[in-house]
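For reference, the structure is listed below as structure tokens.
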Amino acid sequence: MALEGRGARLVEAWGGTMYDLPFGTDADRGGGAGAERMGAFERARAVAAEIPDTFTPFRNKVEKVCSIPSPRGPPAAGAFQKINQLDGDSAMPSLADLGFSAEEIAEMQRADEEISTWPLSERPMKFRGGETAALARVSEYIWEKDLLKIYFDTRNGMLGADYSTKFSPWLSHGCLSARRVAAECARYELERGIANKSTYWVVFELLWRDFFRLFAAKHGDDIFKLDGTLGDRARGSHPNSRRWHFDGKIFEAWTTGRTGYPLVDANMRELVATGFMSNRGRQNVCSFLVIDTSTDWRYGAWYFEEMLLDHDVHSNWGNWCAGAGMTGGRLNRFNIVKQSKDYDRNGDYIRRWVPELGRVPSPLIFTPWKMTKEEQQKYGVWVGADYPTPIVISTGVKQKSDNGNKAVDKNGLSGGKDDSKGGRGNGNYHSRHQRQK
């Protein structure tokens, strides 16, 4: 409204998906007279009503019949009438302006200083907002460091800045478009002469973003409901049915990285300290919370919404709803210990974010509750004091350790089969969580 009063005209253009919208009538897609009476969102919702509810049929149809439009370039110089700056203070607020106390700010600074002492290859990325920074990261990752060609092999990493593209914060805030990323991947294939599984996989994973955006448009606020898109079927008739509950102590242990499972704890502490978590980490901490503890999955989705720099409402809530089995698809149970051994083989990621276990060797670092008293003394960590015992029995974990010691408390849950192949306390790290409380 403020811009309209200054002579500006708003024109809607659909750019919310990487691909052209694949379903619906010509009018739905913008090719008929009916489209002139519909806004971009209304057209998208009409198209979304026809998409499949599972990803693979959606992917097959999209990749067969659709194309990725070229990204729009910047407007020509002088194309727009200059509009005076809107009234109001445009300065960026400080942390104090946002309500953080001096103690909290000092704690954040201490955490940053500690991370700055890590080897460069192990430091998490420090994100800076805006399109300029976004395009700089695209150039750095694809062209300067030439990492696109090995993306498929590194994408499941967790330690450092370059195991994945790290484009997601800029994508979620509109500083970078998926179409721009796809165009750069295509240009790389042409100019560098390398077209492999890695160059395809970046675009493939952006298609998940399209799917969840249209899935959310199709199902509306069902993705925020406990029973998800299953509705009444989640109350017993569907195989994914589950009795949900909420235990404040379990949830706090999860958010603060004190569950007793080092891989979960390391990822949750990284989230608090940096606002980011790897895709591999997100799948594991989700599975742990919703399957191993049967915690109402919406608390996990809410916490991610509060903490993630790259929060995207469609992908976040869609993935949590799916991770809880409430979209009706396959329920992926992650064996946390096995995942630790597969994706953090030497325990380097865990040692960085769970320094209490810094001296514990692999493979003991993945199951610290199995350490004997002599081993705990040798490695300088007492389980149950310096580092917690597991709060529940996770999938695939024995109730008794190999040495006969009790592995978890008596309220732990039963383990199960590992289906994790498919699908998708250091006080310095807790300042953001303390603010949420």
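Do we find a residue being closer than 24 Å to ASP342 by Cα, assigned to a loop (DSSP other than H, G, I, E, B), open to solvent by less than 30 Å² (accessible area, probe 1.4 Å) and not polar (S, T, N, Q) anywhere in segment 162-171? Taking every residue of segment 162-171 in turn, at least one turns out to be closer than 24 Å to ASP342 by Cα, assigned to a loop (DSSP other than H, G, I, E, B), open to solvent by less than 30 Å² (accessible area, probe 1.4 Å) and not polar (S, T, N, Q).
Return the residues of segment 120-133 that are within 11 Å of LEU159 (Cα to Cα) and loosely packed, with under 12 Cβ neighbours inside 10 Å; say none if nothing qualifies. Across segment 120-133, the qualifying residues are LEU120, SER121. Looking only at segment 254-271, decide whether some residue is farther than 23 Å from ILE115 by Cα and aliphatic (A, V, I, L, M). Within segment 254-271, not a single residue is farther than 23 Å from ILE115 by Cα and aliphatic (A, V, I, L, M).
Of everything listed in (1) in a helix (DSSP H, G or I); (2) within 14 Å of the chain's Cα centre (by Cα); (3) among the charged types (D, E, K, R), the single unmet condition for ASP310 is (1). For GLU191, the criteria (1) open to solvent by 10 Å² or more (accessible area, probe 1.4 Å); (2) under 23 Å from LEU308 (Cβ atoms); (3) among the charged types (D, E, K, R) hold in every case but one, which is (2). Among the residues making up segment 345-363, a single one is over 19 Å from ARG258 (Cβ atoms) and part of a helix (DSSP H, G or I): ASP348. Scanning segment 174-187 for residues that are surrounded by fewer than 17 Cβ atoms within 10 Å (Cβ to Cβ) and not hydrophobic (A, V, I, L, M, F, W, C), we see that the one that is nearest to PHE204 (Cα to Cα) is ARG187.
When we screen PHE246, PHE276, PHE251, PHE212 for residues that are within 30 Å of ARG43 (Cβ to Cβ) and among the aromatic types (Phe, Trp, Tyr), the only hit is PHE212. Scanning segment 92-108 for residues that are at pLDDT 90 or above and open to solvent by 100 Å² or more (accessible area, probe 1.4 Å) yields ASP97, GLU103.
Select from segment 320-361 the residues that are of a type in the set (Val, Ile, Thr) and open to solvent by less than 10 Å² (accessible area, probe 1.4 Å) and write down the one among them that is farthest from ARG155 (Cα to Cα). Ranking the candidates gives VAL360 first.
Here is a yes/no grid of residues against (1) open to solvent by less than 50 Å² (accessible area, probe 1.4 Å); (2) at pLDDT below 90; (3) closer than 30 Å to CYS321 by Cβ:
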{"site": "ALA13", "(1), (2), (3)": "no, yes, yes"}
{"site": "ARG43", "(1), (2), (3)": "yes, yes, yes"}
{"site": "ALA46", "(1), (2), (3)": "yes, yes, yes"}
{"site": "THR54", "(1), (2), (3)": "no, no, yes"}
{"site": "LYS64", "(1), (2), (3)": "no, no, yes"}
{"site": "ALA76", "(1), (2), (3)": "no, yes, no"}
{"site": "GLU114", "(1), (2), (3)": "no, no, no"}
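Hey, among LEU159, LEU148, LEU135, LEU176, which residue is touching a Cys at 6+ places or on another chain (Cβ under 9 Å), at pLDDT 95 or above, closer than 27 Å to SER116 by Cβ and not basic (Lys, Arg)? Please lay out each step first, then the result.
On the way: LEU159 fails: touching a Cys at 6+ places or on another chain (Cβ under 9 Å); LEU148 fails: closer than 27 Å to SER116 by Cβ; LEU176 fails: touching a Cys at 6+ places or on another chain (Cβ under 9 Å).
The conditions single out LEU135.
Just so you know, in segment 124-144 the residues that are in a loop (DSSP other than H, G, I, E, B) and out of contact with any helix residue (DSSP H, G or I) (no Cβ under 6 Å at 6 or more places or on another chain) include one that is farthest from ALA96 (Cα to Cα), and it is MET125.
Please work out if ASP89 is at pLDDT below 95, open to solvent by 90 Å² or more (accessible area, probe 1.4 Å) and at negative phi.
Details: at pLDDT below 95: yes; open to solvent by 90 Å² or more (accessible area, probe 1.4 Å): yes; at negative phi: yes.
In short, yes.
Filtered by the rule that a residue be closer than 26 Å to VAL354 by Cα, more than 24 Å from the chain's Cα centre (by Cα) and among the hydroxyl-bearing types (Ser, Thr, Tyr), segment 90-147 gives SER101, THR117.
The values are calculated or read from the model by the stated rules, or taken from the named source; none is laboratory data. Every value quoted in this text rests on a predicted model; they were computed, and no experiment measured them. Counting neighbours? That spans all protein chains shown, and the Cβs are built from the backbone with ideal geometry, glycine included. In case anyone asks, the SASA skips ligands and DNA or RNA and just uses the protein heavy atoms, side chains included. Shrake-Rupley method; radii C 1.70, N 1.55, O 1.52, S 1.80 Å.
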